[in-house]
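S.K.: One structure coming up, written as structure tokens, with questions to follow.
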Amino acid sequence: MIDDMESKHYKVLILAMSCEDDFFKMSRYVTHDTWAKSVIEGKNEGIGFLSYTSTEDDERIEDNTVYVKVPDLITDTYRKTIRCFEFLRENGITFDYVLRTNTSVYFNIPITIRDIINPVIENSIDLYSEWRGFINFRGEDYPEFHGSMFVMSSKLIYDIVDSDIDENNPDVVEYVTSNNKGTVGIDDITISAITY
């Protein structure tokens, strides 16, 4: 269990996005007490779990939740996710892969490890996701991955974090708004745009 900002390395860190709305706070507590419990308790070697949410107070890790100082609107989820990655790195919490989900998704952890995490690691895949569909951008179709779950390598994550591309970059905005598929600032859609 992580309650302080102790340095730690994970083969896979499961990050579940949440927010401070009462429904999602309760969802976060339920997640911690159900499918994520065995991971929080350290029963899956090399795999960790943290949820993350916004705060107006100091950034911190408390009760297996990362609190980052980012607005709590749906259009701020990209900034919230990127800030979470930055915060973890700043505090010595590293990983080879992240499985990013949210607290309204439930996982069977043994099957997820067997059928998703292990093959991604064994095949050195930088990005795995269910795909939502294709966005036609500048005459070509590009996949848009689904925000309920994606697995991304630390290399790709930090390429995005360290890039000078943000969600207001004209190319990103054009991609995201192509075919009226999304809204700038939503993390899975914006990360799809930056990745592709």
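The values are calculated or read from the model by the stated rules, or taken from the named source; none is laboratory data. This structure is a prediction, so every number in the text was calculated from the model and none was measured. So basically every Cβ, Gly included, is an ideal-geometry build from the backbone, and we count neighbours across all protein chains shown. For the accessible areas, the whole protein counts, side chains as well, though only heavy atoms, and no ligand, DNA or RNA atoms are used. Shrake-Rupley method; radii C 1.70, N 1.55, O 1.52, S 1.80 Å.
S.K.: Can you find even one residue in region 92-103 that is over 15 Å from the mean Cα position of the chain (by Cα) and modelled with pLDDT of 95 or more?
M.R.: Checking region 92-103: at least one residue is over 15 Å from the mean Cα position of the chain (by Cα) and modelled with pLDDT of 95 or more.
S.K.: Quick one: which of Glu56, Glu6, Glu20 is over 26 Å from Tyr128 (Cβ atoms), exposed (fewer than 15 other Cβ atoms within 10 Å of the Cβ) and either in contact (Cβ under 8 Å) with a residue 60 or more places away in the chain or among the aliphatic types (A, V, I, L, M) (or both)?
M.R.: Unique residue meeting the criteria: Glu6.
S.K.: Please go through region 77-135 and give me each residue that is outside any loop (DSSP other than H, G, I, E, B) and among the acidic types (Asp, Glu), ordered by number.
M.R.: If the condition is that a residue be outside any loop (DSSP other than H, G, I, E, B) and among the acidic types (Asp, Glu), then Glu86, Glu90, Asp96, Asp115, Glu122, Glu130 are the ones that fit.
S.K.: Determine whether region 62-81 contains at least one residue that is of a type in the set (Lys, Arg), modelled with pLDDT under 90 and either open to solvent by less than 60 Å² (accessible area, probe 1.4 Å) or within 13 Å of the chain's Cα centre (by Cα) (or both). Step through it out loud before you land on a result.
M.R.: The initial filter retains those residues of region 62-81 that are of a type in the set (Lys, Arg), namely 69, 79-80.
Subset that is modelled with pLDDT under 90: 79.
In the following step, the residues that additionally are either open to solvent by less than 60 Å² (accessible area, probe 1.4 Å) or within 13 Å of the chain's Cα centre (by Cα) (or both) were identified as 79.
The answer is yes; a qualifying residue exists.
S.K.: Looking at region 153-172, I want the residues that are open to solvent by 50 Å² or more (accessible area, probe 1.4 Å) and have a partner that is modelled with pLDDT under 85 with Cβ atoms under 6 Å, at least 6 apart or on another chain. Which pairs are those?
M.R.: Final answer for the pair search is Ile165/Ile194.
S.K.: Could you please find all residues in region 10-23 being more than 16 Å from Tyr67 (Cβ to Cβ) and more than 17 Å from the chain's Cα centre (by Cα)?
M.R.: Residues satisfying the conditions are Asp22, Phe23.
S.K.: Continuing with this model, one more query. Going through region 24-42 one residue at a time, which ones are within 19 Å of the chain's Cα centre (by Cα) and charged (D, E, K, R)?
M.R.: Selection gives Lys25, Arg28, Lys37.
S.K.: Do the conditions hold for Thr94, that is, is it of a type in the set (Ser, Thr, Tyr), touching a residue at least 60 places away in the same chain (Cβ under 8 Å), surrounded by fewer than 19 Cβ atoms within 10 Å (Cβ to Cβ) and more than 20 Å from Ile157 (Cα to Cα)?
M.R.: No, not satisfied.
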